[in-house]
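What follows is calculated from the coordinates using simple rules that are stated; it is not laboratory data. Keep in mind that what you see is a predicted model, and the values were worked out from it rather than measured. So basically every Cβ, Gly included, is an ideal-geometry build from the backbone, and we count neighbours across all protein chains shown.
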Amino acid sequence: MHSPTYIRLMNSKRWRLLRAEQLAAQPLCQQCKQEGRIRAAQCVHHITPVETARTDQEAEQLCYSTSNLMSLCYLCHAEIHRQQRSHSKAIHRQRADQALQRWINQHQPKAQKR
């Protein structure tokens, strides 16, 4: 499951506009192009996953940075995520555990100095 921040960013008007701009600027799948194929891009991929951000501000930066975007066809996009295992249940669970631990660390009372 994605974080509320990720869902908010991916459903924003800003993301929809940026995605459209990316596909207009790079209408062909960049991965296919590197491998000598020509295929239309249908997806905009975040090279560094937005979900890896530690803060909401970092997530926003990763989401909207044009240098972090790549136009891909559906097949290449699915293959990249399969290789990274970035959409597996285990990875989502691990990210949720990490987010919980960060929250605990931020909200735990600091040890009083004696």
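Quick look at the values:
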| quantity | calculated |
| --- | --- |
| Assigned charges on the beta-carbon of Lys, Arg, Asp, Glu; region 4-107 dipole about Cα centre (debye) | 240 |
| Summed side-chain charge close to Gln31 - residues other than Gln31 whose Cβ falls under 14 Å, Lys, Arg +1, Asp, Glu -1 | +2 |
| Computed lengthening from Leu17 to Arg54, 0.36 nm per intervening residue step minus Cα-Cα distance | 10.8 nm |
| Other-chain or far-sequence residues with amide H under 5 Å of Leu69's (modelled H) | Ile47 |
| Distance (nanometres) between label positions extended 7 Å along Cα→Cβ at Ala25 and Asn68 | 1.5 |
| Other-chain or far-sequence residues with amide H under 5 Å of Leu28's (modelled H) | Ala41 |
